[in-house]
Each structure stands twice: as C-alpha cells, then as structure tokens.
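Here the structure is laid out as structure tokens; the discussion comes afterwards.
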Amino acid sequence: MRRALTSFLLFLVLGAGTAWAEEGSAPGPFDELGTTVLGPTEPHWVWVTDIIFRHSQIFDAESGRMLGSVDHALGAFPRPPIFSSSRSEFYVVEARYEWGYRGKRTDFVTVYDATTLSAKGQIIVPTQSAESAANLAYSALLDGNRSLALFNQFPSQSVSIIDLESRTFLDSIPTGGCAGVYATGAQSFATLCGDGSMQRFTFDSEGNATDSDSTTPFFNAVEDPIMMNGVRIENRWFFVSFAGVIHEVDFDHSPPGTRSWSGVSEAEREEGWRPGGRQLTAVHRGLERLYVMFHQGGSGTHKDPGPEVWAFDLTSRQRTSRFVVPNMDATSLAGMLGLDGGFSGWLLQQLVPATGADTVAVTQDATPLLLLRNSALPVMTVLDAQTGAHLRDIPEIGLTGNRLVVPR
C-alpha cells in the first residue's frame with residue numbers, strides 16, 4: 001500500500017513537472033546563460049559571506065540586487081574578497097585538504113578579475129594561515145596594492161608576505177606572541193601583542209624583516225582586552241575594548257603613539273551597556289566617525305548581538321548618535337511566510353522579539369549607508385549612516401555568516 005501511494009505521488013510530481021515543461025519555456029543550455037560582467041566597483045557595493053553555502057556574494061546596497069558571487073574552497077572558513085583598485089582584482093585567501101576534510105592541506109590565494117569575477121590564477125602559500133569563524137585581521141592588502149600580508153598560526157605565529165606583482169610568496173616574518181595583521185604602509189604592518197602593545201614590522205622587497213618598533217602597553221589583555229576588529233583612518237588604527245574603551249594607535253610616529261578614552265559613561269556602565277558582536281566596528285574615514293555595536297550584558301557577552309549602534313566623533317572623542325537596529329528577526333520571518341508588509345508585517349514587528357545585529361559596515365561616499373546583519377539571519381538592513389533612518393531591508397543574503405565588506 002505504502003509503495004503504491006509513493007508511486008502515485010511520484011507520478012503526480014513528474015506529471016506536474018512535465019506539464020510545466022510543456023507550458024513554460026525550457027531552460028537553455030548552461031553555455032547560453034552568460035557570465036557576470038560588472039562595471040567599475042561602486043561605493044554602495046558590499047560583499048556578504050555565507051558559511052553554509054561557502055561563498056561570498058556582492059550586493060548593491062542601494063537597489064538590493066545581488067550582482068555576482070565567488071565560491072570558497074572547502075578547507076577553511078570563507079573569507080570575503082579583498083579589492084585592489086589599481087589592479088582591478090579581488091583576492092580570496094583559501095585552503096583545501098587533499099581528501100575533503102583530511103589529508104595534506106594547501107593554502108593559497110585565488111586572484112579574481114574584478115569585472116568578470118572569473119579566476120585568473122592562484123598563489124600557493126607554503127605556510128598555514130590562521131583562521132576563525134570571522135577571520136578578522138587575518139589578512140591585509142598593504143598600501144600601494146603591491147603586497148598582501150597573511151597572519152599564520154601554525155606551526156608558530158608569523159605573517160606571510162605575498163608579492164601581487166609577480167604573484168609569488170616571498171617570506172614569512174615571525175611575530176611570536178602577537179596576532180593579527182594591520183596595514184601601516186607599503187612595506188610595513190602591525191600586529192597585536194599579548195603584553196597589551198602593538199608591534200610594527202618593516203620588510204624589504206624580498207619579504208625579510210628589516211626593522212620593528214612597538215608601542216608601550218596600552219590595554220590590559222586580562223582585565224579589559226580589545227577586539228581584533230580594528231578600523232583605520234590613514235595612519236591611525238582604532239580598537240574597542242570589552243568594556244567600551246576606545247583606543248587609538250598613531251603610526252605616524254616611531255615608536256607609535258597611543259591614547260584612550262571611554263565610550264561608555266558611568267551611568268551607562270551601571271546599566272550594563274558594552275560593545276558586542278562579531279564584526280562590531282566600522283569607520284567612515286571622511287567623517288572620522290566610528291560606529292560600534294552595543295548591547296546590555298555582563299562579562300563574557302562580547303560576541304552577543306546588540307539592539308543599538310553608537311556613533312562616535314573621533315575628532316572630539318564624543319558620542320554623536322545612538323541608532324536603534326531594526327527588527328531583522330521579524331523581517332526574516334515575514335520573508336519566510338511570504339508577507340510583503342501591510343498589517344501582517346506590522347504585527348510581526350510588534351510580536352517577534354528582536355535579537356539585534358552583530359555585524360556592521362559603512363560605505364565611504366558622501367551619502368554613506370550603514371549596513372547591518374545578524375549572523376544567524378538571512379537579511380541585511382540598510383540605514384542612513386548620518387541620521388540612522390531605516391532605508392530598506394535586503395532579504396535572501398544567505399543563511400549564516402558574520403562578515404560585511406565594502407570593497408571601496
């Protein structure tokens with residue numbers, strides 16, 4: 001009986017499929033589908049990574065359209081493409097294992113044409129690059145677009161230098177006790193150290209370290225560590241601590257100078273306000289405005305999403321705005337239910353608890369957009385970066401992921 005019922009249902013499905021094929025136009029062969037051809041990279045474009053589907057998609061945050069995508073190898077968490085404006089290329093740091101999830105590991109950088117998103121080549125890296133779910137500060141395109149620096153964790157901490165002109169690996173610079181890589185020049189980078197300082201390395205054309213200097217310790221890695229999600233304006237890097245202290249490191253000097261101030265008042269600290277998220281900071285370089293995700297929580301909640309984005313003026317070192325994160329949970333559910341607004345959509349906004357956002361990015365143009373996502377939800381929301389006004393939601397950005405990267 002069960003077999004007969006199964007056969008009957010299969011017949012109905014196949015019959016429906018045949019009817020659709022007869023009534024509708026048959027899909028063309030793959031070689032007739034065409035390829036992606038993009039124009040010059042626009043200020044409101046943004047890369048969105050997806051850990052489950054293992055790809056990065058580029059969206060136009062103005063129109064909400066998905067413009068193209070690149071796939072990622074199986075051997076590491078997906079990393080968003082790094083854009084070189086002078087070469088019109090994207091670089092993706094990847095790794096693969098000989099037998100799927102095991103066997104010999106090969107680390108490499110794939111070079112993509114920025115117009116067609118087609119792979120132009122691979123650069124093999126003989127060291128094992130570090131990785132995490134977010135991969136923040138694990139790779140950096142250095143000034144001048146000539147060198148790519150990769151942070152390695154195995155078998156010891158180091159930074160690999162890749163020459164993008166010749167597409168070759170040059171050498172690795174040991175950085176024992178320090179993690180991450182932050183661009184500070186055409187042939188220099190900095191890294192965060194366990195004693196609460198940052199160390200800067202300078203290297204020659206062969207990738208060999210020629211000099212180094214270091215800040216004095218400016219944060220306590222035990223009592224109030226800082227997030228690796230640093231943001232840059234020219235030669236200044238900004239970091240946020242677990243408790244909401246904003247640290248500035250100025251690489252215009254040798255040794256680099258530092259200064260710090262609290263982004264949270266005493267009253268707000270008593271209310272439990274603190275930074276949190278995965279990619280929790282972004283900076284608009286022209287406005288010198290720092291955006292930080294905030295939530296109310298206790299110790300150990302530094303990765304939790306937050307209901308607000310706080311904006312700080314980096315010149316006056318004062319907070320200028322507090323933006324409320326739209327309810328992306330309700331928006332996601334509405335999309336799953338096929339609701340496009342109206343009373344049902346409004347009702348969901350009132351009834352569904354909002355968990356906030358854990359990822360933030362900002363475009364760099366004169367009318368900047370603030371881009372927010374929750375790594376557990378398939379939606380990105382777009383705000384006016386100066387007023388906080390909710391402009392639009394972009395659904396179907398992927399299943400899960402915690403990176404948004406504006407290429408320019």
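Where a number appears in this text, it was derived from the coordinates with a stated rule and is not lab data. Just so it is clear, the structure is predicted and the values come from calculations on it, not from any experiment. Heads up, the Cβs are rebuilt from the backbone with ideal geometry, glycines too, and the neighbour counts pull from every protein chain shown.
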Rounded to the nearest 500, the 222 nm mean residue ellipticity computed for the chain from DSSP H runs (n ≥ 4, each -39500 (n - 2.57)) alone is -3500 deg cm²/dmol
Specify whether the C-alpha gyration tensor of region 65-143 places it in the rounded, prolate or oblate class, a ≥ b ≥ c being the square roots of the eigenvalues: rounded for a/c under 1.5, otherwise prolate if a/b is larger than b/c and oblate if not.
-> prolate
Counting all C-alpha pairs of the chain, share separated by more than 29 Å (%) = 49
Residue-wise, which Karplus ³J(HN,Hα) couplings in Hz belong to region 391-408, taking 6.51 cos²θ - 1.76 cosθ + 1.60, θ = phi - 60°, and x for glycine or proline?
-> 8, 6, 10, 10, x, 6, 8, x, 7, 7, x, 10, 9, 10, 10, 7, x, 8
Comparing LEU142, LEU347, LEU280 in a Gaussian network model of the chain (Cα, 10 Å), the one with the largest mean-square fluctuation is LEU347
First check a/c for region 149-200, with a ≥ b ≥ c the square roots of the eigenvalues of its C-alpha gyration tensor; if it is under 1.5, answer rounded, and if not, answer prolate when a/b is larger than b/c or oblate otherwise.
-> oblate
Using a basic spin-label model with each label point 7 Å from the Cα along Cα→Cβ, how many nm lie between SER260 and ALA366?
-> 3.9
Peptide ranges 152-163, 221-232, 281-292 listed from the most packed, as the mean C-beta count within 10 angstrom indicates | 281-292, 152-163, 221-232
Crossing angle, helix 2-23 versus the chain [Cα axis fit, 0-90 degrees, rounded to tens] | 80
Could you work out which residue, out of GLY64, GLY100, GLY263, moves most in a Gaussian network model of the chain, that is, has the largest mean-square fluctuation with Cα springs under 10 Å?
-> GLY100
Remind me, relative contact order of the chain in percent, using alpha carbon pairs under 8 angstrom and six or more residues apart?
-> 11
Cα gyration tensor of region 31-83, axes a ≥ b ≥ c as square roots of the eigenvalues: rounded (a/c below 1.5), prolate (a/b > b/c) or oblate?
-> oblate
Whole-Å distance linking the alpha carbon centroid of region 341-365 with that of region 231-275 is 28
Relative to the longest principal Cα axis of the chain, at what angle does helix 328-337 sit, 0 to 90 degrees, rounded to 10?
-> 20
Among THR115, THR184, THR175, whose mean-square fluctuation peaks in a Gaussian network model of the chain (Cα, cutoff 10 Å)?
-> THR115
A chain fully extended from TRP346 to ASP250 at 0.36 nm per residue, minus the present Cα-Cα distance, gains in nm 29.8 nm
Projected label distance in nm at ARG322 and ALA133, using a 7 Å step from Cα toward the beta-carbon = 2.8
If each part is reduced to its alpha-carbon centroid, region 72-107 and region 117-188 end up apart, in Å, by 12
Bin width 5 Å, alpha-carbon pairs only: give the P(r) of region 264-391 as whole percents, running from 0 to the bin holding the largest distance.
-> 2, 11, 19, 22, 19, 14, 8, 4, 1, 0
With labels modelled as points extended 7 Å from the Cα through the Cβ direction, what inter-label distance (nm, one decimal) is found for ARG285 paired with ARG269?
-> 3.3
